[in-house]
Amino acid sequence: MNKLKGLVLKDLYLRRKNLILGGLLFLMVFILCSSVCLSCDYGNLARAENYDRGNLTMMVYTVTTFALMCFVSNGSSTGDNKCRWQLFEYTLPLSPEKIAILRLGLILSANIFSYILSLTASAIVCACGRLDFTRDMFENITAAALCMFIFTVILSALMIKYKDPQKASAHLMTVFVIIYIPVMAIVMNRVNEIGKAHPDLFDEQQEELLKEMFLDPLMNVRSALFPFTVLIYAAVIVCGYLLFVKLIKRREN
Amino acid sequence: MIGYKNAIEIEGLTKKFDGFTLSDISFNVPRGSIMGFIGQNGAGKTTTIKAILNIIKADKGSIKILGEDHIKDEIDIKERISAVFDELPFHDDFTAKNLDVILRHIYENWDKNEFASMLDRFALPRNKKIGKFSKGMKMKLQIACALSHKSELLIMDEPTTGLDPVVRNEILDIFREYIQDENHSILMSSHITGDLEKISDSVTFIDKGRLLISGYKDDILESHGIIKCGKEDYKKISSEDIISARLSDFGAEVMISDKVECREKYPGLVMDNATLEEIMLFYVNEEKKEWK
């Protein structure tokens with residue numbers, strides 16, 4: 001473990017500027033969102049007639065998004081291949097298994113830190129806006145953190161494979177687009193069908209129909225999987241570890 | 001572990017890429033010696049070194065480092081060796097102090113006092129970002145890192161390329177000091193044959209992925225020579241004796257590999273000593289036989 005400490009320190013040295021900037025950005029967003037929520041009772045929004053407090057939910061999720069994104073780690077520095085640190089790492093007395101554990105450890109710790117931060121910040125923002133921190137919010141934040149973890153593990157694997165962060169991102173985007181286009185096509189098709197089938201409905205009612213058609217099933221899946229979150233994390237960790245070890249062992253073939 | 005005869009033993013190393021094949025490379029680096037690994041750009045020096053360090057997987061062949069298998073005992077071996085590359089492989093944002101902290105956790109035998117004394121000797125600042133170092137300073141820093149964890153073997157890939165003569169000399173002096181300990185060995189690749197001529201005990205020539213010649217430097221320099229003669233005399237030299245010949249309008253320069261025999265066979269012909277650079281040049285053109 002002592003050897004991994006060296007690489008953890010290396011990562012911290014390199015990321016300290018980004019961590020500080022990320023922290024400041026998150027703090028700004030947190031203060032802004034909390035201020036908007038407080039304004040509903042003590043500020044300008046309190047004087048606005050018929051202001052829909054439901055909009056404050058957006059503030060909660062804005063804070064969550066920034067908490068999850070500002071501290072993300074992909075387990076290594078993007079400059080490792082550029083400066084040939086990756087090459088140097090191959091000459092160190094470190095096994096591929098240890099390096100894989102380190103990378104996963106960095107990704108997981110950043111993810112857990114962001115998750116706890118987003119829960120805490122969201123609860124505070126809810127308190128500021130006198131909103132209930134609902135089970136739905138809790139499940140949504142947990143799902144977002146899990147998705148971010150899976151995304152980062154996949155991105156990190158691609159970076160080990162292609163040794164170039166731009167190539168890795170390009171591959172990931174390609175996969176995303178391949179999935180996104182048919183999904184969007186189906187969604188748009190259904191939107192058109194609803195519009196044609198119910199031309200007499202107001203926009204809000206059409207939106208309600210769409211929500212029932214797409215969002216509600218997604219929420220049901222989220223709720224069904226929520227009790228298994230820890231298991232899913234464990235499965236991603238195991239698969240990620242095995243994949244990382246295999247890719248690291250390939251070296252520069 | 002102490003009982004090994006050769007610091008590096010390579011037998012039948014083969015690696016195929018698209019457009020290039022490292023083919024059947026075999027040589028040994030005796031313990032306590034410096035081996036110069038010579039070849040022009042693209043000859044396969046870096047590929048060989050990467051195979052030794054298990055950065056690339058060889059298709060065939062066996063490699064032993066410090067008497068141990070380079071794959072089975074990889075972690076053990078890497079605790080006891082250091083690699084130095086032609087360019088500094090550290091992030092520009094690091095300082096020498098950061099490297100000390102990082103590497104002391106990675107190497108069991110890291111000696112922070114030794115590292116500090118090397119930094120003082122090389123006059124390297126501890127808190128300055130290494131991105132702002134000159135090329136010479138970067139190489140000295142890399143060498144300081146390599147020599148600060150009691151390594152028994154230094155494997156270096158063109159460490160003096162791009163350095164000015166003063167810095168190169170300084171670095172070569174450090175290597176001479178390092179090799180004073182008979183348990184220390186160095187494999188150093190370079191196309192700057194002048195440096196290897198000054199410092200190495202043995203040399204290995206490689207070209208287009210093939211081994212040309214390997215042996216003790218003094219033996220190679222002693223046995224090889226260049227016959228300088230006119231066209232008429234050139235015709236008298238047997239092709240068996242010729243490694244290759246550089247022809248000009250006035251005559252020929254002919255590389256031979258057995259000076260003693262050729263002095264007896266061709267008395268009266270002028271025979272000069274050859275430098276490592278000339279030996280490399282003539283061996284590289286061995287297939288052509290005659291070149292200009």
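Before moving on, here are some points about what is shown:
- Index of the failed condition, A:Gly79 passing every other in (1) within 14 Å of chain B (Cβ to nearest Cβ); (2) modelled with pLDDT under 85; (3) outside any loop (DSSP other than H, G, I, E, B): (3)
- Condition check for B:Ala83: of a type in the set (A, V, I, L, M) and touching a strand residue (DSSP E or B) at 6+ places or on another chain (Cβ under 6 Å): yes
- Counted residues, segment B:224-238 - those being within 14 Å of B:Met280 (Cα to Cα) and not β-branched (Val, Ile, Thr): 2
- Qualifying residue in segment B:109-125 (condition: touching a residue at least 40 places away in the same chain (Cβ under 8 Å), within 14 Å of chain A (Cβ to nearest Cβ) and buried (at least 20 other Cβ atoms within 10 Å of the Cβ)): no
- Taken as a whole, the structure places B:Asp59 among residues that are farther than 20 Å from A:Cys83 by Cα and more than 8 Å from every other protein chain (Cβ to nearest Cβ).
- Strands (runs of 3 or more DSSP E) (entirely within segment B:43-160) containing at least 3 residues that are within 29 Å of A:Arg15 (Cβ to Cβ): B:81-84
- Scan of segment B:34-56 for residues that are more than 14 Å from every other protein chain (Cβ to nearest Cβ) and crowded, with 20+ Cβ neighbours inside 10 Å, ordered by number: B:Ile34, B:Met35, B:Gly36, B:Phe37, B:Ile38, B:Gly39, B:Ala43, B:Gly44, B:Lys45
- Test: residue in segment A:148-160 that is assigned to a helix (DSSP H, G or I), touching a Ser or Thr at 6+ places or on another chain (Cβ under 8 Å), at pLDDT 90 or above and of a type in the set (Phe, Trp, Tyr): no
- Considering residues of segment A:13-26 that are within 13 Å of chain B (Cβ to nearest Cβ) and loosely packed, with under 13 Cβ neighbours inside 10 Å only, the residue farthest from B:Val101 (Cα to Cα): A:Lys17
- Residue within segment A:89-102 that is surrounded by fewer than 20 Cβ atoms within 10 Å (Cβ to Cβ), under 27 Å from A:Gly23 (Cα atoms) and free of Cβ contacts under 8 Å to residues at least 40 places away in the same chain present: no
- Residue among B:Phe250, B:Phe205 that alone is assigned to a loop (DSSP other than H, G, I, E, B) and among the aromatic types (Phe, Trp, Tyr): B:Phe250
- Residues located in segment A:93-133, provided they are outside any helix (DSSP H, G or I) and more than 26 Å from A:Ile154 (Cβ to Cβ): A:Pro93, A:Gly129, A:Arg130, A:Leu131, A:Asp132, A:Phe133
The values are calculated or read from the model by the stated rules, or taken from the named source; none is laboratory data. Fair warning: this is a prediction, and the values are worked out from it, not measured in the lab. Ideal geometry is used to build each Cβ from the backbone, glycine not excepted, and the neighbour counts take in all protein chains shown.
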